[in-house]
Amino acid sequence: MAQRKFFVGGNWKMNGNKAGITEIGQFMTTGPLDPNTEIVLGCPAIYLEFAQKAMPSNVSIAAQNCYKVEKGAFTGEISPAMIKDVGVSWVILGHSERRNIFGEKDELIAEKVAHALASGIKVIACIGELLEERESGKTAEVVFRQTKAIADKVTDWDKVVLAYEPVWAIGNWETASPEQAQKYMP
């Protein structure tokens, strides 16, 4: 496996509009971006194509989710083929909100990862524990379980970024230290 570039990812969640995306795209073109850094921005599905066109060519856009099959009666879902069709090459899967609000389980996330990769889409696979899991000393167990489900379906990691997302550190003033993150992402 080749040495991976430094990776910076962002996620707009369910935020943004065309004016804001245009402004961000203009901002990203004002200064030099490090050619040794890969930049990927997660964008709401409705703006994928618009955002892809608004960003400089060295900034990639990611869908925030996709389903595990190419097509079918799955209202509200998008497939990796659809993502690819609008020129987007990345997808975020396993995000804590998909796991904890929408009830997505490890096996479903692993199936989505496998299908996205098989469809030619690169994956940001999110793993991480809730506050109660951290406080009960289950961080390693949770992170291992989530990672193993994905690892059982992935044979080539060149197109996967594993993102450790400690859920307890999202949206509050507590942050994970670099040492804490490194402990679970060697």
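The values are calculated or read from the model by the stated rules, or taken from the named source; none is laboratory data. Quantities reported herein were computed from a predicted structural model and do not represent experimental measurements. Here Cβ is always computed from backbone atoms with ideal geometry, including for glycine, and neighbour counts include all displayed protein chains.
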Some residue of the range 140-157 being within 23 Å of Trp12 (Cβ to Cβ), in contact with a Leu (Cβ under 9 Å, 6 or more places away or on another chain) and not small (Gly, Ala, Ser): no
For the range 19-67, which residues satisfy the criterion of being surrounded by fewer than 20 Cβ atoms within 10 Å (Cβ to Cβ), over 14 Å from the mean Cα position of the chain (by Cα) and among the β-branched types (Val, Ile, Thr)? Thr22, Ile24, Thr29, Thr30, Thr37, Ile46
Just for the range 114-141: of the residues that are free of Cβ contacts under 8 Å to residues at least 12 places away in the same chain and not in a helix (DSSP H, G or I), which one is surrounded by the most Cβ atoms within 10 Å (Cβ to Cβ)? Lys138
Those residues of the range 142-152 that are touching a residue at least 24 places away in the same chain (Cβ under 8 Å) and buried (at least 18 other Cβ atoms within 10 Å of the Cβ) come to a total of 4
Which condition number does Gln146 fail, the rest of (1) part of a helix (DSSP H, G or I); (2) at pLDDT below 95; (3) among the polar types (S, T, N, Q) being met? (2)
Wholly within the range 1-113, helices (runs of 4 or more DSSP H) carrying at least 3 residues that are touching a residue at least 40 places away in the same chain (Cβ under 8 Å): 96-100
May I ask you to list the residues in the range 85-121 that are closer than 19 Å to Ile46 by Cα and of a type in the set (Lys, Arg)? Arg98
Out of the residues in the range 161-186 that are within 12 Å of Gly128 (Cα to Cα) and among the hydroxyl-bearing types (Ser, Thr, Tyr), state the one that is modelled with the highest pLDDT. Tyr164
